[in-house]
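Q: Got a structure for you, questions after.
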Amino acid sequence: MRLRLVRWVFRRFAHQYWLIHALAEGIFSAQVAIVTVCLAALYFRPGWADLLDVVVVAVALTIVPITFVALCSRGPIGRFLQWRSNPDATEAETVALWHELVGLTWSTFRSYSLFINLSAVIPAVAVAALLWHIGWPGFAAMLLATAVPSYYATVVTYTIGELLTVPVIEEIADRLPPTFEIGDHGISIASRLKVALPAYTIAAAMATASLVGHQRGAGAMAITVLVSGAVGVFLATELTVLLGDSITKPVRGMRAQVDRVQEGDYAARTPVLRSDELGVLAHEINAMSRGLAEREEIRNAFGTYMDKSVVELILSGQFPPEGVEVTASMLFCDVRGFTSYAEGASAPQVIAALNEMFSAIVPIVERHGGHVDKFLGDGLLAVFGTPDEFLDHADKAVAAACEIALADTLGSVGLTVGVGVNTGQVVAGPLGGAGRLNFSVIGDAVNVAARVEAATRQTGDAVLITDATRLMLSKAYELDSRGEIELKGKAEPLQLFAPKLLVRDAPG
């Protein structure tokens with residue numbers, strides 16, 4: 001409820017938010033000052049006029065320094081508003097602003113909390129000592145007593161400051177990059193418990209003793225403060241140990257599990273020892289670890305049947321389902337005379353021969369940046385330039401084709417391969433239906449690559465490339481023109497070229 005109210009105030013008064021910050025902390029601190037003066041009056045029984053004078057002075061001395069400190073937040077809030085109005089802000093600027101706002105409350109209180117307390121407490125106590133005529137013993141006792149509400153007010157105003165910065169940080173967090181250094185900007189949970197619990201227990205003990213006690217004078221006030229402090233510290237210490245064990249230890253355990261998962265240990269688990277929010281969180285983190293383990297199993301299984309880059313693309317969910325039109329280079333490879341060989345060989349021999357060939361060809365394709373789109377019996381189609389985009393896809397495809405032709409892939413059975421390469425526009429994307437999809441490329445450029453490979457049987461070349469591929473080459477290849485050759489399914493003949501296979505082409 002409080003956070004919803006803070007978000008509404010931020011949306012309504014964003015440009016005056018630093019002033020809201022000052023008002024919220026100033027009003028609370030003024031309330032603490034009024035209660036403190038009234039409790040002190042129980043020990044010295046001043047007149048109503050003197051009591052009112054001290055209340056006014058204490059409130060003024062409290063509000064002025066807090067307002068000054070709140071003004072310090074005007075700069076960061078102003079930088080936030082500038083960033084907010086700039087949709088082109090860089091990731092570095094966004095991360096820097098996030099760090100500044102996350103650490104704003106801690107840095108402000110670390111720098112100014114002592115100044116606020118000293119500038120407000122000492123003058124207010126001095127005025128009370130003068131107006132109430134309580135002398136130096138009364139001054140010392142009141143100074144000791146006001147340390148408790150000052151401590152309490154510091155803890156609560158710190159919490160208020162953090163609460164008020166939440167909607168600002170939320171808006172920045174929406175534009176943070178996926179990965180960035182989070183840093184360390186505040187107080188740990190264990191430290192918060194150690195600091196906050198004594199503030200509440202000591203303040204509560206002292207207020208109770210002051211209200212129900214009937215003693216008067218500086219001595220009674222000093223005794224009340226010391227006894228209340230001892231009782232409050234004892235209770236706070238016990239609560240800190242108990243709450244620290246029940247909160248911080250499970251959090252540290254879950255953080256250790258997350259660290260192990262980030263390192264790839266998906267079997268890491270956190271024992272679920274309770275049914276509260278921390279227990280639910282531990283259970284959900286365990287479920288996340290199981291989900292990541294299953295995802296890794298799927299990734300490994302996919303990697304057995306399709307190219308790893310395609311697996312990453314499918315699992316990322318980033319490729320548009322309608323596909324994209326791209327310029328790519330297609331490599332079509334086929335075994336010459338394989339049909340005749342298969343007729344005279346057993347089925348295991350045929351499978352072994354194909355696996356031997358593909359075991360040699362696939363690494364060559366991947367080494368040059370391509371991926372195998374599909375296996376077609378005794379051939380395969382490889383694609384360069386999608387889904388991994390690079391400008392020199394034609395060079396890489398030709399280099400891979402030459403290396404495949406030079407590789408002794410099926411020398412053991414006396415067979416050779418023919419390779420055709422073509423470059424052109426294709427549509428790349430997930431194809432299929434009824435819940436079964438496969439990433440592939442379609443288009444006339446794919447069909448042409450297959451026809452070019454078939455033309456190697458006419459020309460006797462191991463590798464042929466089209467003029468479209470030749471024009472996309474950025475490296476110098478020795479090419480022999482084979483003139484214009486008619487291809488099946490094409491109305492016009494295409495000019496083809498044969499690279500000279502003198503040496504193996506290194507991956508480019």
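Q: Spin-label point model (7 Å from Cα, Cβ direction): what's the residue 391 to residue 3 distance in nm?
A: Distance between the two pseudo-spin positions: 4.8 nm.
Q: Which value, in debye to the nearest 20, gives the size of the charge dipole of the chain about its Cα centre, when Lys and Arg are +1 and Asp and Glu are -1 at the Cβ?
A: The calculated dipole for the chain is roughly 2360 debye.
Q: Find out how many positive minus negative residues lie around residue 167, taking Lys and Arg as positive, Asp and Glu as negative, among other residues whose Cβ is under 14 Å from that of residue 167.
A: Overall, the nearby charge balance is +2.
Q: Quick check on the chain: helices-only [θ] at 222 nm, where DSSP H runs of length 4 and up contribute -39,500 (n - 2.57) each and the sum goes over total residues. Nearest 500, please. Kindly include the intermediate steps, with their values, before the conclusion.
A: Details: 17 runs with 319 residues, N = 508.
When only DSSP H runs of four or more count, the value is -21500 deg cm²/dmol.
Q: Follow-up. Cα centroid distance between segment 223-295 and segment 88-150, in Å?
A: 32 Å
Q: Still on this structure, I have one more. Among the listed pairs 374/475; 475/500; 194/249; 396/475, which are separated by more than 18 Å between their Cα atoms?
A: Checking Cα-Cα distances, 374/475 exceed 18 Å.
Q: Quote to one decimal, in nm, the extra length available between residue 406 and residue 481 on full extension: 0.36 nm per residue of separation minus the C-alpha distance between them.
A: 25.0 nm
Q: Roughly speaking, what is the stretch gain from residue 131 to residue 214, that is 0.36 nm per residue apart minus the C-alpha to C-alpha distance, in nm to one decimal? Mind showing how you got there, number by number?
A: Values: separation 83, 0.36 × 83 = 29.88 nm, distance 2.21 nm.
Contour length minus Cα-Cα distance gives 27.7 nm.
Q: For residue 373, list long-range residues whose amide hydrogen, built 1.01 Å from N in the peptide plane, is under 5 Å from its own amide hydrogen.
A: For residue 373, whose amide H was placed from the backbone, the distant partners under 5 Å are 381, 382, 383.
Q: Okay, next question. Quick one: which of 168-178, 379-389, 485-495 comes out on top by average Cβ neighbours within 10 Å, and what's the full order, highest first?
A: Descending mean neighbour count gives 379-389, 168-178, 485-495.
Q: Charges on Cβ only, +1 for Lys and Arg, -1 for Asp and Glu, centred on the Cα centroid of segment 163-256; of 221, 253, 178, which one is farthest towards the dipole's positive end?
A: 221
Q: Report the Stokes-Einstein translational diffusion coefficient (µm² s⁻¹, integer) for segment 2-186, Rh taken as the Kirkwood radius over Cα pairs, at 37 °C with viscosity 0.692 mPa s.
A: 182 µm²/s
Q: Determine the gain in length on full extension of the stretch residue 294-residue 339; use 0.36 nm per residue of separation and subtract their C-alpha separation, reporting nm with one decimal.
A: The span from residue 294 to residue 339 would gain 12.1 nm if fully extended.
Q: What angle do you read, to the nearest 10 degrees and between 0 and 90, between the alpha-carbon axis of helix 277-305 and the longest principal axis of the chain?
A: For 277-305 against the chain, the angle is about 10 degrees.
Q: Rounded to whole Hz and in sequence order, give me ³J(HN,Hα) for segment 137-148 from the Karplus expression 6.51 cos²θ - 1.76 cosθ + 1.60, θ = phi - 60°, writing x for Gly and Pro.
A: Working through the residues one at a time gives x, x, 4, 5, 5, 5, 4, 5, 5, 6, 5, 5 Hz.
Q: While we're here: Relative to the longest principal axis of the chain, what angle (0 to 90°, nearest 10) does the C-alpha long axis of helix 393-406 take?
A: The two axes meet at around 50 degrees.
Q: Return the FRET efficiency for the residue pair residue 256, residue 71: r is the Cβ-Cβ distance, R0 is 30 Å, and the value is rounded to the nearest 0.05.
A: The pair residue 256/residue 71 has a calculated efficiency of 0.10.
Q: Please determine, in degrees from 0 to 90 and to the nearest 10, the orientation of helix 48-71 with respect to the longest principal axis defined by the Cα atoms of the chain, where the helix direction is its Cα long axis.
A: 20 degrees
Q: Which one is right for this structure if volume of the Cα convex hull per residue in Å³ is calculated from it: (1) 220; (2) 297; (3) 155?
A: Computed from the coordinates, volume of the Cα convex hull per residue in Å³ corresponds to (1).
Q: Based on the mean of other beta carbon atoms within 10 Å per residue, what is the order of 463-474, 10-21, most packed first?
A: So the peptides 463-474, 10-21, ranked by packing, come out 463-474, 10-21.
No lab work stands behind these numbers, since they all come straight from the coordinates. None of these values were measured; they are calculated from a predicted model. Note that we place each Cβ from the backbone using ideal geometry, even for glycine, and neighbour counts take in every protein chain shown.
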